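These notes concern the structure reproduced below.
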Amino acid sequence: MKFTFAQGHRASVIHSPQHRANNFDALRLLAAVLVIWSHQFALMGRPTPLIFGNEPGALGVVLFFAISGYLVTQSWVADPHVRRFAARRALRIWPGLTALVLLSVFVLGPLLTELSVPQYFSHKATWQHLLNLVLQTQIGLPGIFASNPHPGSLNGPLWTIPIEVGCYAALALVGWLGLMRWRWFPLCVFLALAGLLQWRYSAWPHPEWSFALQYAMIFAVGSALSRWESIWLEHPWVTAGLLLAACSLLYKFGPSPFNGQSPLIALAGLGVVWGACCTPVINRAGRFGDFSYGLYIYGFAVQQIIIWGAANQLSFGVAFVLSIIGALFCAALSWHFVEKPALRWKPQRVLEK
């Protein structure tokens, strides 16, 4: 199989409606499938396998954050304007999220709940679910999936969206302050976050916001690779080899528990390098649309509905395949009728004459 490196995507943004000649669309789809596959175990009440001590879903989220850090940094560098940057990010996150939350509260909830409709709409948790629209994560609705291994849960993956938006806001702030002009800044942020994560683990074994630190660190990996791309673009596989070697040394000799983060750092870096490549056939994964965001946000609900409808009697393989098909159908509808139309409102940079 022949690999070439994709040039000319410097000004692209994280989820452009136009297909680009690189592997990022395929990589995002893989990340979404990893998340769904990982959730399938837990939602069916089965133990989830671990890869280097991490659930497969965590690896998918790492890929999402690394790609986001890389491409969103490119977007900022191409047009360092706070209002336009914020509008682009908002148009990518909120239309799909809004459709999901409203569908959950006003359609799926009344259909799936064991409560009467008046009881459902008078329940405090029903209206609290709308707080997802202001990034206060609520994953459940009253009276749904009572017989499932995970009763009540409908939108589990939404907890990562506030972290993602926080990374966007931090990037806009440091960009507005002019710090992104310094190529070393994202790397310094990565090292600072890594050190802070190490300190938090040492001081408090299970801090509530350790995941936020972890994924912000991965976002910084992608951002750092974006700022140094003029160097490694010419030799991407040398860069990948050096990164893998460094992370292997960290995994073997690094301080605990930070050495446990090294596989995630390696995955983030290798994912960005491979994503920037242009592999025949694979680079056409997005030609029908960018379904990765829809797969991510709808997959959990589809899985719960299938498990509930079959009373959790399906085999793992059948349930997983049906979940992918159902989530892909929802993602296609979301892309073509919600997300893509919303992206047409993205502000464009006006070049000065």
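State whether the residues of the range 172-188 include one that is in contact with a helix residue (DSSP H, G or I) (Cβ under 9 Å, 6 or more places away or on another chain), at pLDDT 95 or above, under 19 Å from Tyr296 (Cα atoms) and not basic (Lys, Arg).
No: the range 172-188 contains no residue that is in contact with a helix residue (DSSP H, G or I) (Cβ under 9 Å, 6 or more places away or on another chain), at pLDDT 95 or above, under 19 Å from Tyr296 (Cα atoms) and not basic (Lys, Arg).
For the range 154-166, enumerate the residues that are over 14 Å from Gly96 (Cβ atoms) and open to solvent by 20 Å² or more (accessible area, probe 1.4 Å).
Matches in the range 154-166: Trp159, Pro162, Ile163, Gly166.
Would you call Val13 open to solvent by 10 Å² or more (accessible area, probe 1.4 Å), under 19 Å from Tyr168 (Cβ atoms), at pLDDT below 95 and outside any loop (DSSP other than H, G, I, E, B)?
Details: open to solvent by 10 Å² or more (accessible area, probe 1.4 Å): yes; under 19 Å from Tyr168 (Cβ atoms): yes; at pLDDT below 95: yes; outside any loop (DSSP other than H, G, I, E, B): no.
Against the criterion (open to solvent by 10 Å² or more (accessible area, probe 1.4 Å), under 19 Å from Tyr168 (Cβ atoms), at pLDDT below 95 and outside any loop (DSSP other than H, G, I, E, B)), Val13 does not qualify.
Looking at this structure, is Phe41 part of a helix (DSSP H, G or I) and either crowded, with 16+ Cβ neighbours inside 10 Å or modelled with pLDDT under 95 (or both)?
On the way: part of a helix (DSSP H, G or I): yes; either crowded, with 16+ Cβ neighbours inside 10 Å or modelled with pLDDT under 95 (or both): yes.
The answer is yes for Phe41.
Filter the range 247-282 down to residues that are among the hydroxyl-bearing types (Ser, Thr, Tyr) and closer than 15 Å to Leu197 by Cα and give me whichever is modelled with the highest pLDDT. First the steps, then the outcome.
Our first condition is that a residue be among the hydroxyl-bearing types (Ser, Thr, Tyr); within the range 247-282, this holds for 248, 251, 256, 262, 279.
Now narrow it down to the ones that are closer than 15 Å to Leu197 by Cα: 256, 262.
Working: Ser256: 63, Ser262: 84.
Of everything passing the filter in the range 247-282, Ser262 is modelled with the highest pLDDT.
What number goes with the only condition from (1) modelled with pLDDT of 95 or more; (2) open to solvent by 10 Å² or more (accessible area, probe 1.4 Å) that Val77 does not pass?
It is condition (1) that Val77 fails.
Hey, among Gly286, Gly271, which residue is touching a residue at least 60 places away in the same chain (Cβ under 8 Å) and either touching an Asp or Glu at 6+ places or on another chain (Cβ under 6 Å) or of a type in the set (Val, Ile, Thr) (or both)? Give the steps one after another, and end with the answer.
Working: Gly271 fails: either touching an Asp or Glu at 6+ places or on another chain (Cβ under 6 Å) or of a type in the set (Val, Ile, Thr) (or both).
That would be Gly286, the only listed residue that is touching a residue at least 60 places away in the same chain (Cβ under 8 Å) and either touching an Asp or Glu at 6+ places or on another chain (Cβ under 6 Å) or of a type in the set (Val, Ile, Thr) (or both).
Go through (1) of a type in the set (A, V, I, L, M, F, W, C); (2) within 22 Å of the chain's Cα centre (by Cα); (3) modelled with pLDDT of 90 or more for Leu193 and report which single condition fails.
Status for Leu193: all satisfied but (3).
Could we say that Ala216 is touching a helix residue (DSSP H, G or I) at 6+ places or on another chain (Cβ under 6 Å) and either closer than 30 Å to Ala125 by Cα or touching a residue at least 24 places away in the same chain (Cβ under 8 Å) (or both) here? Let's see the steps before the verdict.
Details: touching a helix residue (DSSP H, G or I) at 6+ places or on another chain (Cβ under 6 Å): yes; either closer than 30 Å to Ala125 by Cα or touching a residue at least 24 places away in the same chain (Cβ under 8 Å) (or both): yes.
For Ala216, the condition - touching a helix residue (DSSP H, G or I) at 6+ places or on another chain (Cβ under 6 Å) and either closer than 30 Å to Ala125 by Cα or touching a residue at least 24 places away in the same chain (Cβ under 8 Å) (or both) - is met.
Quick one: which helices (runs of 4 or more DSSP H) sit completely within the range 69-181 and have at least 1 residues that are among the charged types (D, E, K, R) and either without any contact (Cβ under 8 Å) to a residue 24 or more places away in the chain or within 24 Å of Asp290 (Cβ to Cβ) (or both)?
Working: elements: 82-103, 109-112, 117-122, 124-128, 160-176.
So the answer is 82-103, 124-128, 160-176.
Considering only residues that are of a type in the set (Phe, Trp, Tyr), open to solvent by 40 Å² or more (accessible area, probe 1.4 Å) and part of a helix (DSSP H, G or I), look in the range 322-353 and name the one that is farthest from Trp76 (Cα to Cα). Let's see the steps before the verdict.
Step one: of the range 322-353, the residues of a type in the set (Phe, Trp, Tyr) are 329, 335, 337, 345.
Now narrow it down to the ones that are open to solvent by 40 Å² or more (accessible area, probe 1.4 Å): 329, 337, 345.
Imposing the further condition that a residue be part of a helix (DSSP H, G or I) reduces the set to 329, 337.
Working: Phe329: 32, Phe337: 27 Å.
Once the filter is applied, the top-ranked residue is Phe329.
Within 21 Å of Val189 (Cα to Cα), of a type in the set (A, V, I, L, M) and at pLDDT 95 or above: is that true of Leu103 in this structure?
Here the answer is no, as Leu103 does not meet what is asked.
Taking Ala319, is it part of a helix (DSSP H, G or I) and either among the aliphatic types (A, V, I, L, M) or open to solvent by 50 Å² or more (accessible area, probe 1.4 Å) (or both)? Outline the logic, then answer.
Details: part of a helix (DSSP H, G or I): yes; either among the aliphatic types (A, V, I, L, M) or open to solvent by 50 Å² or more (accessible area, probe 1.4 Å) (or both): yes.
Yes, satisfied.
Tell me, yes or no, whether the range 287-300 has at least one residue that is part of a helix (DSSP H, G or I), over 16 Å from the mean Cα position of the chain (by Cα) and surrounded by 22 or more Cβ atoms within 10 Å (Cβ to Cβ). Working first, answer last.
Filtering the range 287-300 for residues part of a helix (DSSP H, G or I) gives 292-300.
The next check asks that each one be over 16 Å from the mean Cα position of the chain (by Cα); those that pass are none.
Within the range 287-300, none of the residues are part of a helix (DSSP H, G or I), over 16 Å from the mean Cα position of the chain (by Cα) and surrounded by 22 or more Cβ atoms within 10 Å (Cβ to Cβ).
The values are calculated or read from the model by the stated rules, or taken from the named source; none is laboratory data. Everything quoted here is computed from the prediction, not taken from an experiment. A quick note on method: Cβ atoms are made from the backbone with ideal geometry, for glycine too, and the neighbour counts reach across all protein chains shown. Each accessible area value is taken on the protein alone, full model and side chains, heavy atoms only, with ligands, DNA and RNA left out. Shrake-Rupley method; radii C 1.70, N 1.55, O 1.52, S 1.80 Å.
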